[in-house]
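Notes follow the structure.
The values are calculated or read from the model by the stated rules, or taken from the named source; none is laboratory data. The structure displayed is predicted, hence computed values, not measured ones. So basically every Cβ, Gly included, is an ideal-geometry build from the backbone, and we count neighbours across all protein chains shown.
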Ligand code: SF4
């Protein structure tokens with residue numbers, strides 16, 4: 001079934017490249033060149049060809065090995081969904097709740113502190129603050145709730161939650177949807193890094209019948225603008241693409257090339273997440289199809305060739321648990337946040353792997369799992385101007401000489417994770 005009610009957008013007719021073409025174009029990228037838009041689009045249209053996928057994956061892996069050798073990273077984190085109210089209604093989302101839902105919840109600062117303490121006790125470094133977009137614009141009851149707690153806005157809630165996390169020794173990473181320049185300026189000193197999935201540059205998906213029709217904050221230009229402001233403000237940033245919500249090949253290529261352009265211009269994009277969409281019961285898109293594994297692997301490899309080599313390539317292991325070796329062989333170098341304490345509130349049906357199991361699986365595929373915090377080692381060691389002094393000091397205190405996580409807790413707790 002088509003994932004949206006939009007008429008199917010045909011991919012442009014083009015001549016299929018041969019495997020030799022793919023190898024030649026990919027080799028040029030490995031040698032430091034860039035994949036042209038028409039080459040990327042031609043390759044995208046041929047990802048069902050196993051030979052093309054193999055050629056792309058081999059080149060993607062070569063780039064990955066040159067950047068990070070056989071190391072693959074993971075961030076042991078806690079996930080705090082500060083509020084699950086959101087003014088948008090994306091057709092695939094089960095995270096957002098309406099204020100009158102029994103599941104609607106906005107964390108108190110005491111609840112935040114309790115989760116953070118649980119994270120500290122299990123050696124987590126990253127406190128991921130993830131929440132709905134601008135709920136105060138849509139819901140008077142939420143505005144009243146914030147006021148009753150002495151908070152003027154969601155941004156103040158985030159600020160105070162991040163402050164608690166820092167005080168208790170954890171490093172916040174906030175993904176709160178669209179934030180203004182003023183809000184980013186306010187939150188930068190209490191965050192080690194921040195993020196916003198670009199998701200897609202497709203304006204078509206904002207049209208009636210599309211998954212983002214009721215989601216003004218999914219307007220691509222708005223999301224691109226926030227990436228630019230984060231770059232101007234020197235905020236270490238996470239972006240990414242959401243695959244399979246109705247976009248076509250050209251739109252996927254454009255999304256990846258847009259992230260690549262932002263990374264090259266501002267130098268602030270630490271990582272790009274390649275996230276395959278999985279339909280969820282109870283949503284408008286519940287009957288849509290997931291992408292098959294070959295397609296996901298093909299896009300991972302193509303993303304590695306499109307993005308600058310220094311941008312880490314992340315795939316969530318709970319959304320591809322049956323294909324971890326294939327993801328690694330296609331250039332993935334990071335598993336993102338994995339929590340021994342909290343579930344993935346965005347994809348609650350997909351449990352995190354136990355960290356010791358992830359370590360074993362990574363090793364079995366020929367790689368070594370290393371732990372990081374919300375900031376990658378080379379950023380901690382080599383980009384001091386991206387951090388406020390307080391955050392910089394905390395980052396260094398939690399890092400070893402190579403910049404990887406140096407946890408103060410007993411490693412044996414991992415076995416319970
Ligand atoms: S913006 Fe995020 S939280 Fe809000 S409805 Fe869309 S996917 Fe859900």
I'd like the residue in the stretch 74-86 that is within 13 Å of the ligand (Cβ to nearest atom) and touching a residue at least 60 places away in the same chain (Cβ under 8 Å) and, out of all such residues, is surrounded by the fewest Cβ atoms within 10 Å (Cβ to Cβ).
81
Yes/no for residue 111 being surrounded by fewer than 16 Cβ atoms within 10 Å (Cβ to Cβ) and in contact with a strand residue (DSSP E or B) (Cβ under 7 Å, 6 or more places away or on another chain):
no
So which helices (runs of 4 or more DSSP H) are wholly in the stretch 301-417 and hold at least 1 residues that are under 28 Å from residue 255 (Cβ atoms)?
324-329, 355-364, 377-382
Output for the stretch 114-140, where each listed residue is touching a strand residue (DSSP E or B) at 6+ places or on another chain (Cβ under 9 Å) and surrounded by fewer than 16 Cβ atoms within 10 Å (Cβ to Cβ):
118
Just a yes or no: is a residue in the stretch 95-116 touching a residue at least 60 places away in the same chain (Cβ under 8 Å) and under 30 Å from residue 287 (Cα atoms)?
yes
Does the stretch 60-73 contain any residue that is touching a helix residue (DSSP H, G or I) at 6+ places or on another chain (Cβ under 6 Å), more than 16 Å from the ligand (Cβ to nearest atom) and closer than 29 Å to residue 288 by Cβ?
yes
If I go through the stretch 87-115 residue by residue, how many of them are closer than 28 Å to residue 353 by Cβ and either in a loop (DSSP other than H, G, I, E, B) or more than 14 Å from the ligand (Cβ to nearest atom) (or both)?
14
Just wondering, is there one or more residues in the stretch 363-370 that are out of contact with any helix residue (DSSP H, G or I) (no Cβ under 9 Å at 6 or more places or on another chain), surrounded by fewer than 17 Cβ atoms within 10 Å (Cβ to Cβ) and free of Cβ contacts under 8 Å to residues at least 60 places away in the same chain?
yes
If you take the residues in the stretch 222-255 that are in a loop (DSSP other than H, G, I, E, B) and more than 16 Å from the ligand (Cβ to nearest atom), which one is nearest to the chain's Cα centre (by Cα)?
236
Looking at the stretch 185-196 only, could you name the residues that are within 18 Å of residue 165 (Cα to Cα) and touching a residue at least 40 places away in the same chain (Cβ under 8 Å)?
188, 189, 190, 191, 192, 193, 194, 195
Would you check if there is a residue in the stretch 158-167 being surrounded by 17 or more Cβ atoms within 10 Å (Cβ to Cβ), within 16 Å of the ligand (Cβ to nearest atom) and more than 20 Å from the chain's Cα centre (by Cα)?
no
Please enumerate the residues belonging to the stretch 205-221 that are surrounded by fewer than 17 Cβ atoms within 10 Å (Cβ to Cβ), in a helix (DSSP H, G or I) and more than 11 Å from the ligand (Cβ to nearest atom).
221
Reported set for the stretch 141-150 where residues are surrounded by fewer than 20 Cβ atoms within 10 Å (Cβ to Cβ) and touching a helix residue (DSSP H, G or I) at 6+ places or on another chain (Cβ under 6 Å) is 143
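Conditions (1) within 30 Å of residue 89 (Cα to Cα); (2) within 16 Å of the ligand (Cβ to nearest atom); (3) touching a strand residue (DSSP E or B) at 6+ places or on another chain (Cβ under 7 Å), marked per residue:
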{"residue": "341", "(1), (2), (3)": "yes, no, yes"}
{"residue": "352", "(1), (2), (3)": "yes, no, yes"}
{"residue": "372", "(1), (2), (3)": "no, no, yes"}
{"residue": "375", "(1), (2), (3)": "no, no, yes"}
{"residue": "383", "(1), (2), (3)": "no, no, no"}
{"residue": "394", "(1), (2), (3)": "no, no, yes"}
Conditions first: (1) under 30 Å from residue 407 (Cβ atoms); (2) in contact with a helix residue (DSSP H, G or I) (Cβ under 6 Å, 6 or more places away or on another chain). Residue 30 passes all but one, so which condition is the exception?
(1)
Name the residue that is farthest from residue 239 (Cα to Cα), counting only residues in the stretch 290-300 that are at pLDDT 95 or above and not in a helix (DSSP H, G or I).
292
Residues within the stretch 170-204 that are closer than 21 Å to residue 81 by Cβ and assigned to a helix (DSSP H, G or I), tallied:
5
Which is touching a residue at least 40 places away in the same chain (Cβ under 8 Å) and within 22 Å of the chain's Cα centre (by Cα), of 327, 319?
319
Mind listing just one residue for me: the one in the stretch 273-301 that is farther than 24 Å from residue 351 by Cβ and in contact with a helix residue (DSSP H, G or I) (Cβ under 6 Å, 6 or more places away or on another chain) and, of those, surrounded by the most Cβ atoms within 10 Å (Cβ to Cβ)?
301
